[in-house]
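Reviewing the structure listed below.
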Amino acid sequence: VARVNRLKTATQADVVIQRGAHWVCAHHAKLDTREIACEHLTPDVAQQRVGVPCGEGLWLPDALSLRPSALCHALLYQTGITLHTGAAVADISTENNRCVARDANGNTLAEADACVLTTGPSMPATLPDLAPPWTTTQGLAAVAKAPEGASPLQANLAGSDSFAPMTNGVAVNTGHWRAPRTLTAATAELALPAALADHRVASARLATRLHTPDRLPLIGAAPDVTASRAAFEPLKRGKSPEQDPVYRPNIYLIAGLGGRGVTSAMWSAELLARAMLGLSDCPPSLHPLRFLVRALRRGG
């Protein structure tokens, strides 16, 4: 929250749309909430607070609803950042201790002392030799419009039904599919929560998320997988590696954030920045080669 507020102050971007959320969870009564800012709401009080029928739960005053476009603007348009769009990177190499990004025709798109790969669901194509057992899911985000003259939604609702007030309607995040779908097919399957039954879907977007088996991201220096695999071969015989991992010079990555990118991207970036500056190491549990090591230890 503090980091988002600092971005808002620095850029004058209207990032925060709504403060507070009502969390409806069957297990909330069993939680130790002594260190959490919250308030228990009965169904009647919750309906008054949120604006639609909802069950009892916890009111979380520190929860935020963010405007995605303003958040992206605050992150991207800062001093020292130059944004290039409409250019596909086909190759990244290290030359004279500098990282060079080129397009499919060999034209140089950018040069820098270091490169951080954050290509989301395209990471398997960006680093095909990394090849952990990736999986993907898809999620649908829609904006629903209320009937003419209806009272607007007053607050965020989180739980089995989740939605939030936006300036142009109500944001609804729903759908979790493993098989690829088109936007048309996913929208056709969308069922609005009962509390929004009188709303209509005005727009929708389909996102693909990249996951790792342990649901933790990969953060750290981009490895040279072929060289590292040779060094790690003794693991298959229950012995220690003969060499340290081999890395691609000055190239780093953050991958596999799954459906939690907004909440974990800045945390991941801070961990990587500290590692790049030599202030601390990234946790071993996030190492990009951990799945290779596990497979070799199993004899794979």
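Residues that are part of a strand (DSSP E or B), more than 21 Å from Val24 (Cα to Cα) and either open to solvent by less than 50 Å² (accessible area, probe 1.4 Å) or among the aliphatic types (A, V, I, L, M) (or both) within segment 145-171 comprise just one, Gly169. Checked against (1) surrounded by fewer than 19 Cβ atoms within 10 Å (Cβ to Cβ); (2) farther than 25 Å from Ala269 by Cα, Thr135 passes all but condition (2). Of the residues making up segment 191-204, those that are assigned to a helix (DSSP H, G or I) and farther than 19 Å from Pro53 by Cα number 0. Restricting the first member to segment 233-255 and to residues that are part of a strand (DSSP E or B), and the second to residues that are polar (S, T, N, Q) and surrounded by 15 or more Cβ atoms within 10 Å (Cβ to Cβ), the beta-carbon pairs closer than 7 Å and six or more apart or on different chains are Ile254/Thr118; Ile254/Ser268. Just to be sure, is Val100 open to solvent by 60 Å² or more (accessible area, probe 1.4 Å), farther than 16 Å from Ala158 by Cα and not acidic (Asp, Glu)? Here the answer is no, as Val100 does not meet what is asked. Which pairs do you get when a residue that is over 29 Å from Leu117 (Cβ atoms), found in segment 201-212, comes within reach of a residue that is open to solvent by 30 Å² or more (accessible area, probe 1.4 Å) and charged (D, E, K, R), reach meaning Cβ atoms under 9 angstrom, with the pair 6+ apart or on two chains? Within 9 Å, the pairs are Val201/Lys145; Ala202/Lys145. Given the condition touching a Phe, Trp or Tyr at 6+ places or on another chain (Cβ under 8 Å), among the acidic types (Asp, Glu) and part of a strand (DSSP E or B), answer yes or no: does some residue in segment 103-116 qualify? Checked segment 103-116: no residue is touching a Phe, Trp or Tyr at 6+ places or on another chain (Cβ under 8 Å), among the acidic types (Asp, Glu) and part of a strand (DSSP E or B). Number of residues in segment 175-190 that are part of a strand (DSSP E or B) and open to solvent by 50 Å² or more (accessible area, probe 1.4 Å) equals 1. Reported count of residues in segment 16-32, each being in a helix (DSSP H, G or I) and either in contact with a Gly (Cβ under 8 Å, 6 or more places away or on another chain) or surrounded by 14 or more Cβ atoms within 10 Å (Cβ to Cβ) (or both), is 1.
Looking only at residues in segment 40-51 that are more than 29 Å from the chain's Cα centre (by Cα) and among the aliphatic types (A, V, I, L, M), the one that is most open to solvent (accessible area, probe 1.4 Å) is Val45. So the check is Cβ under 7 Å with 6+ separation or different chains; which pairs have a first residue in segment 56-76 that's closer than 20 Å to Gly159 by Cα and of a type outside the set (A, V, I, L, M) and a second one that's part of a helix (DSSP H, G or I) and modelled with pLDDT under 85? Partner pairs satisfying both residue conditions: Gly57/His28. Looking at segment 273-281, can you tell me whether even one residue there is under 17 Å from Thr126 (Cβ atoms), touching a strand residue (DSSP E or B) at 6+ places or on another chain (Cβ under 9 Å) and either open to solvent by 40 Å² or more (accessible area, probe 1.4 Å) or assigned to a strand (DSSP E or B) (or both)? No.
Residue-by-condition table, conditions (1) part of a loop (DSSP other than H, G, I, E, B); (2) among the small types (Gly, Ala, Ser); (3) modelled with pLDDT of 90 or more; (4) closer than 19 Å to Asp161 by Cβ:
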residue	(1), (2), (3), (4)
Ala37	yes, yes, yes, no
Asp44	no, no, yes, yes
Gln48	no, no, yes, yes
Leu58	no, no, yes, yes
Pro61	no, no, yes, no
Ser65	no, yes, no, yes
Leu71	no, no, no, no
Ala74	no, yes, no, no
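The values are calculated or read from the model by the stated rules, or taken from the named source; none is laboratory data. It should be emphasised that the depicted structure is a prediction, and the values quoted were computed from it without experimental measurement. Every residue, glycine as well, gets a Cβ built from its backbone with ideal geometry; the counts of neighbours run over all protein chains shown. For the accessible areas, the whole protein counts, side chains as well, though only heavy atoms, and no ligand, DNA or RNA atoms are used. Shrake-Rupley method; radii C 1.70, N 1.55, O 1.52, S 1.80 Å.
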